[in-house]
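As structure tokens, the structure follows; a few thoughts come after it.
Every read-out reported here was derived from the displayed coordinates using simple, explicitly stated rules and does not represent laboratory data. Bear in mind that the values here come from a model prediction, so they are computed numbers and not experimental data. Every residue, glycine among them, receives a Cβ derived from its backbone with ideal geometry; neighbour counts consider all protein chains shown.
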Amino acid sequence: EGTTRRTGDAFRMTVQLIRASSGELVWAGAYDAALDELLDVQRQVAEQVALRLSIDARIRTGAAAIARTRNPEAAEEYLRGRALLGRGEWSAVTAARDHFELAAQHDPTFAEAWSGLAFANNQLTRIGAAANGEPWEETREAALRALRLDEELPEAHAALAVVHAFAD
């Protein structure tokens, strides 16, 4: 669960990780940052969620993630998308999104490609640069597809948490 409040060029994001089976609060965090730091905050939230779910060992490097696809084109597109996101520039996010989409087309079972697509869509939607009329729904669908393929993928959980925080 989460909430986001925007004031000018800054935002405050509060996030709670709740165990679905018991309703127990596992972790809560609050983040104050400038809008241009949104990527960094999302990475921090993803790391904290992964840590709290005791799956920090599953946080993947690019090499480990591409080992999960047997399609070399999907792997190449995924790595290109990750490299673009790593630049931390808004102009690179659209190109990264396109690479993740191509990776998912090359291998529809590549969970990390869907998670990358959800992450990039989150960024584009937050800055108002999404291409279609239902950007949050597209983001939600990509994150859910990633989770159907790998229910423990921390990046997909983080992407879905952002959708819940901003759109629900």
Near residue 91, within a Cβ-to-Cβ distance under 14 Å, what is the net charge of the other residues, with Lys and Arg +1 and Asp and Glu -1? -1
Percentage relative contact order, region 1-50, counting C-alpha pairs under 8 Å, at least six apart: 29
At residue 144 and residue 73, where each label point lies 7 Å from the Cα along Cα→Cβ, what is the point-to-point distance in nanometres? 2.8
Per 0.36 nm of contour for each residue apart, how much would the distance between residue 34 and residue 105 grow if the chain were fully extended, relative to their Cα-Cα spacing? 22.2 nm
Along the Cα→Cβ direction, 7 angstrom out, place labels at residue 90 and residue 47. What is the inter-label distance in nm? 2.4
Radius of gyration and Dmax over the Cα atoms of region 70-164, both given in Å: 11.9, 35
